[in-house]
Amino acid sequence: MCPARLQGIMESVELTTAQIAQRCHVTDRAVRYWIEEGRLHGRLEQAEWLVQEEELERALRLGEVEVKER
């Protein structure tokens with residue numbers, strides 16, 4: 001694998017459902033629902049969902065998930 005591609009992989013940030021909930025002003029349960037519905041893609045790691053930051057940005061950009069007003 002080329003060094004630039006490897007560096008990109010190493011720099012990817014994974015967010016927990018709690019972190020996403022805080023950013024989007026929704027509940028942790030709402031984030032898990034988005035994952036269950038396939039609107040947001042993540043991976044289950046030791047009973048905790050992790051979502052790449054780029055994936056959250058993609059879902060927000062496409063309107064698959066939304067940020068609630070405070």
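The values are calculated or read from the model by the stated rules, or taken from the named source; none is laboratory data. Here the structure is a predicted model, which means the values were calculated and not measured. Here the Cβ is made from the backbone with ideal geometry for all residues, glycine too, and neighbour counts use every protein chain on show. Side chains are part of the model used for accessible areas, which takes the heavy atoms of the whole protein and leaves out ligands, DNA and RNA. Shrake-Rupley method; radii C 1.70, N 1.55, O 1.52, S 1.80 Å.
Counting the residues of segment 17-29 that are without any contact (Cβ under 8 Å) to a residue 12 or more places away in the chain and assigned to a loop (DSSP other than H, G, I, E, B) gives 1.
Within segment 11-47, the set of residues being among the charged types (D, E, K, R) and out of contact with any Leu (no Cβ under 7 Å at 6 or more places or on another chain) comprises Glu11, Arg23, Asp28, Arg29, Arg32, Glu36, Glu37, Arg39, Glu45.
Within segment 30-59, being assigned to a helix (DSSP H, G or I), of a type in the set (A, V, I, L, M) and either in contact with a strand residue (DSSP E or B) (Cβ under 8 Å, 6 or more places away or on another chain) or free of Cβ contacts under 8 Å to residues at least 12 places away in the same chain (or both) holds for Ala30, Val31, Ile35, Leu56.
When the residues of segment 26-59 are filtered to those that are closer than 18 Å to Val13 by Cα and aliphatic (A, V, I, L, M), which remaining residue is most open to solvent (accessible area, probe 1.4 Å)? So, considering only residues that are closer than 18 Å to Val13 by Cα and aliphatic (A, V, I, L, M), the one most open to solvent (accessible area, probe 1.4 Å) is Leu44.
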